[in-house]
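Readers should treat all values here as calculations from the given coordinates under stated rules, not as data from a laboratory. These numbers were taken from a predicted model, which means no experiment stands behind them. So basically every Cβ, Gly included, is an ideal-geometry build from the backbone, and we count neighbours across all protein chains shown.
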């Protein structure tokens, strides 16, 4: 990890995630009844749990509305959810007002063109390797793991380790 990435991660007080392509692998699967299915990575979820234990807030900003996402947010106790926001900057501004944080305190993980406005403002902008080139080129960091396959967990660990909080939130597992 470069010193610049570590410094950016140290300032993070809010992790904002896109859903499709970041929390999932980006595939949309429909049942014969028209139900939408999404596949989430359990390690990503546990990374979010560790962030919460460290006092770091989390949010979802998605252009799409989905009951499945609502269920996942509730299960993980994600602090803020903004669905149906094609203008993701509007959602970013709403969450910043609620949290009274600045963009310097935000880590945003995105993968597609719709994420660029938020990505360009975030203090720590992250792309997944399955992101479009324009997103990867503008990110401060590209994860080694893909969306829906551990990328979120990777960033959660990076943030916690950069802030010196990793040992405190994981110590009970090393007894």
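Between [x] 16.0; [y] 17.2; [z] 18.3, which entry matches Kirkwood radius over Cα pairs in Å as derived from the coordinates of this structure?
So the structure-derived entry is [x].
What 222 nm value per residue comes from the helices of the chain, counting each DSSP H run with n ≥ 4 as -39,500 (n - 2.57) and dividing by all residues, nearest 500 deg cm²/dmol?
That calculation yields -11500 deg cm²/dmol at 222 nm.
How much length would be gained if the chain were fully extended between residue 33 and residue 77, taking 0.36 nm per residue of separation minus their Cα-Cα distance, in nm to one decimal?
13.0 nm
With each label point set 7 Å from Cα along the Cα-Cβ vector, what nm distance links residue 49 and residue 98?
Result for the modelled spin labels: 2.3 nm.
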